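Novice: Would you mind keeping the following structure in view while I ask a few things?
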Amino acid sequence: MTDREHREIFDGEADDPMARELADMGPYMRQKARVEVERAAPDFIQSLRNRLVHGEKPEYPGDVTDRQQER
Amino acid sequence: MRTEASADLIARARHDRDAFGELYALYVHRIYAFCLMHTGHAQQAEDLTSSTFERALAKIDRYEDRGIPFSSWLLRIAANATAESARRAGLGDGRAIIFLDDMHPRRDACVVAWEDDPVQWVERWERAGYLDTYMATLPTDQRMALQLRYLEDRSLDDMAQTLNRSPKATRQLLHRAVSGLRNRMMLDEDGIDDDGPRAPRDIRRRGRRSDGA
């Protein structure tokens with residue numbers, strides 16, 4: 001039995017595309033779930049909102065790459 | 001799938017700052033989480049969140065709905081802001097940092113690894129959300145099996161104990177869960193199940209490519 005087969009929980013798991021993607025994304029998804037329960041400080045949220053809604057409209061000319069990626 | 005802003009709200013936000021405030025409320029936590037994921041530092045995440053929405057406000061006139069959700073547009077702005085911040089800080093060649101494992105215990109520390117370019121950070125983030133959404137539609141035992149195996153990297157024995165099943169039954173359950181997840185995602189992509197969650201076509205298509213389909 002190869003090392004990969006030894007680590008399989010069900011037959012063919014190592015060759016299953018869905019299982020492979022889950023194995024690849026799993027740690028990232030766990031981390032993502034952790035950061036998603038974190039919240040920015042309420043006063044930050046409110047002060048930024050006030051600035052955006054009532055402050056002067058910012059200007060960001062950006063660069064070509066910036067504009068291409070954000071379209 | 002997370003709630004997206006309506007076309008009407010986006011249109012109003014182009015000239016109505018209160019409407020932009022509604023967009024902000026809808027997306028701020030998602031953008032903050034994305035920035036926190038890619039910096040590991042709350043203050044930096046706040047700074048980048050501010051930059052993101054300030055840029056979005058400046059650029060919203062140029063936003064066009066071409067089948068890409070507004071959240072994707074915001075995430076790309078956030079990713080670019082993060083990459084620029086990393087470049088200014090002299091971190092490598094400008095590609096920002098991604099946590100591979102647990103959050104670093106020291107919030108002011110930089111970590112771990114480099115990955116590709118900002119557009120791919122967004123794609124990865126969205127793909128993870130897409131997978132998570134579909135996993136949530138599975139029966140509880142199947143969802144737990146996937147989480148234990150792929151998110152928590154538990155051994156078969158650990159899984160069996162947690163799930164209160166025999167190792168053999170746990171294997172079968174995991175196999176059913178993987179198949180079930182694949183089938184649900186493919187059904188939705190084929191447009192057969194209109195009640196399922198939808199994702200941008202490129203996110204779904206990428207999944208099919210990775211599935212070898």
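Novice: Count, please, the residues in the stretch B:68-79 that happen to be farther than 13 Å from B:Tyr27 by Cα and surrounded by fewer than 19 Cβ atoms within 10 Å (Cβ to Cβ).
Specialist: 1
Novice: Filter the stretch B:49-67 down to the residues that are under 16 Å from B:Ser6 (Cβ atoms), surrounded by fewer than 16 Cβ atoms within 10 Å (Cβ to Cβ) and within 9 Å of chain A (Cβ to nearest Cβ) and list them by number.
Specialist: B:Glu64
Novice: Examine the stretch B:16-23 for a residue that is over 24 Å from B:Arg127 (Cβ atoms) and either under 18 Å from the mean Cα position of the chain (by Cα) or aliphatic (A, V, I, L, M) (or both), and state whether such a residue exists.
Specialist: Yes: the stretch B:16-23 contains one or more residues that are over 24 Å from B:Arg127 (Cβ atoms) and either under 18 Å from the mean Cα position of the chain (by Cα) or aliphatic (A, V, I, L, M) (or both).
Novice: Taking the conditions exactly as written (assigned to a helix (DSSP H, G or I) and either surrounded by fewer than 22 Cβ atoms within 10 Å (Cβ to Cβ) or not hydrophobic (A, V, I, L, M, F, W, C) (or both)), does B:His38 satisfy them or not?
Specialist: yes
Novice: How about the stretch B:135-166: which of its residues are within 24 Å of B:Asn183 (Cα to Cα) and among the β-branched types (Val, Ile, Thr)?
Specialist: B:Thr137, B:Thr140
Novice: I would also like to ask the following. Which of the residues spanning the stretch B:1-10 are without any contact (Cβ under 8 Å) to a residue 60 or more places away in the chain and either more than 25 Å from the chain's Cα centre (by Cα) or not in a helix (DSSP H, G or I) (or both)?
Specialist: B:Thr3, B:Ser6, listed by residue number.
Novice: Moving to a separate point now. Read through the list (1) assigned to a helix (DSSP H, G or I); (2) within 7 Å of another protein chain (Cβ to nearest Cβ); (3) over 25 Å from the mean Cα position of the chain (by Cα), then give the number of the only condition that A:Asn50 fails.
Specialist: With (1) assigned to a helix (DSSP H, G or I); (2) within 7 Å of another protein chain (Cβ to nearest Cβ); (3) over 25 Å from the mean Cα position of the chain (by Cα) applied to A:Asn50, the lone miss is (2).
Novice: For the stretch A:9-47, enumerate the residues that are at positive phi and within 7 Å of chain B (Cβ to nearest Cβ).
Specialist: Those that are at positive phi and within 7 Å of chain B (Cβ to nearest Cβ): none in the stretch A:9-47.
Every read-out reported here was derived from the displayed coordinates using simple, explicitly stated rules and does not represent laboratory data. A quick note: this is a predicted structure, and the numbers were derived from the prediction, not measured. Every residue, glycine among them, receives a Cβ derived from its backbone with ideal geometry; neighbour counts consider all protein chains shown.
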